[in-house]
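Peer 1: Okay, here's the structure, questions in a sec.
The values are calculated or read from the model by the stated rules, or taken from the named source; none is laboratory data. What you see is a predicted model; the values in this text were computed from it and never measured. Cβ sites come from the backbone with ideal geometry, for glycine too, and all protein chains shown count toward neighbours.
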Amino acid sequence: MKLLSAALVLFSAAVSTTSGFAPATPLAFSRPSSSVRSASTLNMVADDAKVILVTGSSRGLGKAIALELGKAGQKVVVNYVSDGSKSSADETCEEIKAVGGDAIAVQCDTSDPKAIKGMFKEIVDAYGTCDVLVNNAGITKDTLVMRMKPEQWQSVIDVNLSGVFYCTQAFFKVAAKKRTGRIINISSVVGQIGNPGQANYAAAKGGVIGLTMSNAKEFSARNVTVNCICPGFIETDMTAELPEEYLEKVCEGIPLKRLGKPEEVGGMTKFLALDPAADYITGHCFNVDGGIAIGA
């Protein structure tokens, strides 16, 4: 267990925003350019395709989730943070179209309720509705509790927990009118088992799990399901740069003895978002972690 704890600290610091431990960075609002919206209309998808917002999806795990949904022929809203991420978001949109889906990119700070309201207006203007919300965006500000500054605590709570609440609130206003919708919250095994050096992140992700259960009970009257996914160590472009020796030590603490694949998290997300078998599933957590959090 000591080996696993040490590995978790080192891994979270090294990987930052590329795994289930640390999803993509927070987002800042702006209207998508007309060229992005026009391009989205070039791809024809099925009449019953769902409109799915994936926050923090210009790169990393969020991008993998967006691509899996695109492969299923859905209309994906790629949510990103800053002007520096715009090109990555546009590239993700093109990749989604190339695999059979449709996509638009929207810039939005998910910790800002006013910006979120504007984001949903953009989505409804472009696609007419929003059917599924995937709350993936998040940040890390890792350090030991004794060294943690108020800003490091508050910023992680604002983005990773409050942001999920604000996006959920805005989405439910759309879904409640239709009496149908699905919400998938991307939490983390850190929210279940804790991790030294990540008290802020663990508190936020644990809060997301509690929020999932509460919202599931509230929203059931409107036929809106709410579920949670807790990823563990997931392969990303950044983990590929870590020393092989280090990754071997990480895998020793994982019952399945390997890192997870982004598409495995994407596949679980796709199931909860689209599969008819998930109609009767709400308020639950699904771990994609190779067994790290067994018994949690």
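Peer 1: Check whether at least one residue in the stretch 242-259 is of a type in the set (Gly, Ala, Ser), under 25 Å from Gly70 (Cα atoms) and more than 21 Å from the chain's Cα centre (by Cα), and report yes or no. Walk me through it before giving the result.
Peer 2: Quick first cut of the stretch 242-259, residues of a type in the set (Gly, Ala, Ser) only: 253.
Imposing the further condition that a residue be under 25 Å from Gly70 (Cα atoms) reduces the set to none.
No - not one qualifying residue is present in the stretch 242-259.
Peer 1: Given the options Ala126, Ala170, Ala176, Ala137, name the one that is buried (at least 24 other Cβ atoms within 10 Å of the Cβ), among the small types (Gly, Ala, Ser) and out of contact with any Asp or Glu (no Cβ under 9 Å at 6 or more places or on another chain). Explain how you work it out, then say what you get.
Peer 2: Working: Ala126 fails: buried (at least 24 other Cβ atoms within 10 Å of the Cβ); Ala170 fails: buried (at least 24 other Cβ atoms within 10 Å of the Cβ); Ala176 fails: buried (at least 24 other Cβ atoms within 10 Å of the Cβ).
Result: Ala137 is the single residue among Ala126, Ala170, Ala176, Ala137 that is buried (at least 24 other Cβ atoms within 10 Å of the Cβ), among the small types (Gly, Ala, Ser) and out of contact with any Asp or Glu (no Cβ under 9 Å at 6 or more places or on another chain).
Peer 1: If you don't mind, there's one more thing I want to ask. Consider the stretch 271-296. How many of its residues are under 17 Å from Ile183 (Cβ atoms), crowded, with 21+ Cβ neighbours inside 10 Å and not polar (S, T, N, Q)?
Peer 2: 2
Peer 1: Hey, could you check the stretch 233-248 for residues that are assigned to a helix (DSSP H, G or I) and touching a residue at least 24 places away in the same chain (Cβ under 8 Å) and say which is farthest from Lys177 (Cα to Cα)? Can you show your working first?
Peer 2: Step one: filter the stretch 233-248 for residues assigned to a helix (DSSP H, G or I), giving 239-241, 244-248.
Okay, now just the ones that are also touching a residue at least 24 places away in the same chain (Cβ under 8 Å), so 239, 246.
Details: Thr239: 42, Tyr246: 50 Å.
Taking the candidates together, the pick is Tyr246.
Peer 1: I would also like to ask the following. Residue by residue through the stretch 206-225, note down the ones that are in a helix (DSSP H, G or I), crowded, with 22+ Cβ neighbours inside 10 Å and polar (S, T, N, Q).
Peer 2: Hits for the stretch 206-225 are Thr212, Asn215.
Peer 1: Please pick out the residue among Ile139, Ile186 that is under 30 Å from Ala293 (Cα atoms), touching a Pro at 6+ places or on another chain (Cβ under 9 Å) and modelled with pLDDT under 95. Steps first, please.
Peer 2: On the way: Ile186 fails: modelled with pLDDT under 95.
Exactly one residue qualifies, and that residue is Ile139.
Peer 1: Is it the case that Ala103 is touching a strand residue (DSSP E or B) at 6+ places or on another chain (Cβ under 7 Å), among the small types (Gly, Ala, Ser) and at pLDDT 95 or above? Let's see the steps before the verdict.
Peer 2: Numbers: touching a strand residue (DSSP E or B) at 6+ places or on another chain (Cβ under 7 Å): yes; among the small types (Gly, Ala, Ser): yes; at pLDDT 95 or above: yes.
Against the criterion (touching a strand residue (DSSP E or B) at 6+ places or on another chain (Cβ under 7 Å), among the small types (Gly, Ala, Ser) and at pLDDT 95 or above), Ala103 qualifies.
Peer 1: Also: Just to be sure I understand the filter: pairs with C-beta atoms under 6 Å, separated by 6 or more residues or on different chains, first member in the stretch 219-232 and touching a residue at least 24 places away in the same chain (Cβ under 8 Å) and under 24 Å from Ile292 (Cα atoms), second member among the charged types (D, E, K, R) and in a strand (DSSP E or B). Which pairs pass?
Peer 2: Cβ pairs passing all conditions: none.
Peer 1: So which pairs qualify, if the first residue must be in the stretch 261-290 and touching a residue at least 24 places away in the same chain (Cβ under 8 Å), the second must be loosely packed, with under 15 Cβ neighbours inside 10 Å and assigned to a helix (DSSP H, G or I), the Cβ gap must be under 7 Å, and the two must be at least 6 apart or on different chains?
Peer 2: Thr282/Ser220; Gly283/Lys217
Peer 1: Tell me which residues, restricted to the stretch 23-66, are at pLDDT 95 or above and surrounded by fewer than 24 Cβ atoms within 10 Å (Cβ to Cβ).
Peer 2: Within the stretch 23-66, Ala49, Lys50, Val51 meet the criteria.
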